[in-house]
Amino acid sequence: MLAYLPRPPTDTSRYGTFPQKPDLPAAPGALVKDGGQQAAATAAKRGAPMPNYPSAPRHSGFVPGEPSLPPSRGSLTTQHHRGRPSWCPPPAPQEAGARLYPLHTLSVANIPNSSRSKTSARSSTIPTPEGLQSRRCKLLEEDSPMVQASKRQRQRYVTKVGKCQVNLGNIQDKKRFLSDIFTTIVDLKYRWFLFVFMMCYVVTWLVFGFIYFFDAWVRGDIGHQGDPEWQACIENVDGFVSALLLSVESQRTIGYGTRMVTANCAEGVILLIAQSIVGSMIDAMMVGCMFVKISRPKKRAQTLIFSKNCVISCRDEKLCLMFRVGDLRESHMVDAKIRAKLIKSRQTAEGEFIPLEQSELNLGYDTGEDRLFLVEPQIICHVINRHSPFWDMSAESLRRDQFEIIIILEGILSCCLAAGMTCQARTSYTEDEILWGYRFEPCMSLEKGAFQVDYSRFEMTFEVQTPAASAKELHELKELEQQEHSTLSLYWDHLLQPCALPGP
């Protein structure tokens, strides 16, 4: 549950825990020259404007608006390599496909205390500054937040295939499951369901076979086999196996004609009637459970697909969160509806901790846009307005926050055995699966008088220019511009208004 708490802001301005490089003998002129160059570089970086939208990962060490690492003392060169501090040695040749991370992603706050203490203790034993530089750069690369995030496995509330990761335990009153025995049997896994299916028949055959054998043994039918003058109650039963065969033949209405119950005893007739009734009840229940289990629309959800990622971009001058959904079958769903839930833990103003709080995301419920005619892939849009929980979320806060979006698609099946049943497909998106500043590529075209859907482009996205500010900040900026425009219009109208001429 603590995984959904907001992440602490990354502090990139404190690097005091790193062991400083030992002083090197240098001329005073070199120190003054290096200091002037470093001050000029710092001033240039601070004066650079922030980009209005996030671009692809940059491999340069100079990031606008981000604090840089403090230079070590001494006559060191101020040339910065790609994404590495000035006091790091040149990087080794990278292999093909190697991934580089920008310098501004490094943070001392994510380095464990044990690593800091060990590094400080070892720094005194390293005689050369080159070894200290390599250790320091290796520590920065290994303890970066992106590397640590890739090593940690996120616990999801709902998996990408729609399985809920919630285990129920310590249930005291388990008699409730027996009161609804039909649903309990249907919900069993197939191996346990088949086991229960077979045991229902086998147990009844064994029980009635034992009763037949006991009745024949008590009346003496077993000891008088082959006696033509003996009036047997159950004919041709000379042991338990033959009694078991009689039980199977009676319940399954096989009737080979060799073993049978005669009219010489009333208990045999009553036993045959009881087994017939019990067998009919077992047939009705087991066949019904089997039919319901194989006709459940649970597997229909495998052909309802969702896009791997969500995207955030502007649509009709509004910041929107969008994802794509499609149906692979030609037999379409009837009355398809879609809704979304936001799963996020929070702490109230009174100090109460609410784990995994569920809040609703509006996908067009008030306008009817949540009802889909799912013939071709649809892009579902959630407008980020003042009623949205993402109203204050920007591109920077998206990287720090932790939440999960649950998507639920429901519809009625219109064909096969499960006609009229409701099917539900689920998926989820975490904050790492949301792309800021992207849109989905079109996957439909007109070919030979019909629309062709290319599902190979279902997951494809492309980058667009999107402001990195939150929807609230964009709304406030737009209102401020409108206010300034109205004020300027009134000013110009006042200047251009002709002067009133005095009367006669």
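The values are calculated or read from the model by the stated rules, or taken from the named source; none is laboratory data. The shown structure was predicted, so the numbers you read here are calculated from the model rather than taken from an experiment. Glycine gets a Cβ as well: all are built from the backbone with ideal geometry, and neighbour counts include every protein chain shown. SASA here: full protein model, heavy atoms, side chains in, ligands and nucleic acids out. Shrake-Rupley method; radii C 1.70, N 1.55, O 1.52, S 1.80 Å.
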- Message: Checking the conditions here, which among Val292, Val237 is closer than 30 Å to Leu374 by Cβ, open to solvent by less than 70 Å² (accessible area, probe 1.4 Å) and either assigned to a helix (DSSP H, G or I) or not assigned by the TED database to the domain that holds Val375 (or both)?
- Response: Val292
- Spot the failing condition for Ile354; the list is (1) part of a strand (DSSP E or B); (2) in contact (Cβ under 8 Å) with a residue 12 or more places away in the chain, and only one is missed. (2)
- Item | Matching residues in segment 306-352 - criterion: being under 13 Å from Ala425 (Cα atoms) and among the charged types (D, E, K, R) | Asp327, Lys337, Arg339
- Message: Name the residue that is nearest to Val375 (Cα to Cα), counting only residues in segment 424-470 that are in contact (Cβ under 8 Å) with a residue 60 or more places away in the chain, open to solvent by 50 Å² or more (accessible area, probe 1.4 Å) and outside any strand (DSSP E or B).
- Response: Tyr455
- Task: Take segment 295-324 and flag every residue that is part of a helix (DSSP H, G or I) and closer than 19 Å to Leu188 by Cβ.
- Result: Lys299
- Examine segment 471-492 for a residue that is in a loop (DSSP other than H, G, I, E, B), in the same structural domain as Ser313 (by the TED database) and either open to solvent by 80 Å² or more (accessible area, probe 1.4 Å) or not charged (D, E, K, R) (or both), and state whether such a residue exists. no
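From the list Ile222, Ile211, Ile254, which residue is assigned by the TED database to the domain that holds Val269, over 60 Å from the mean Cα position of the chain (by Cα) and of a type in the set (A, V, I, L, M, F, W, C)?
Ile222
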- Search result, residues across segment 171-183 that are among the polar types (S, T, N, Q) and either closer than 16 Å to Lys298 by Cα or not in a helix (DSSP H, G or I) (or both): Gln172, Thr183
- Message: With the requirement that a residue be on the phi < 0 side of the Ramachandran plot and either in a loop (DSSP other than H, G, I, E, B) or surrounded by fewer than 17 Cβ atoms within 10 Å (Cβ to Cβ) (or both), what does segment 250-259 give you?
- Response: Arg252, Ile254, Tyr256, Thr258, Arg259
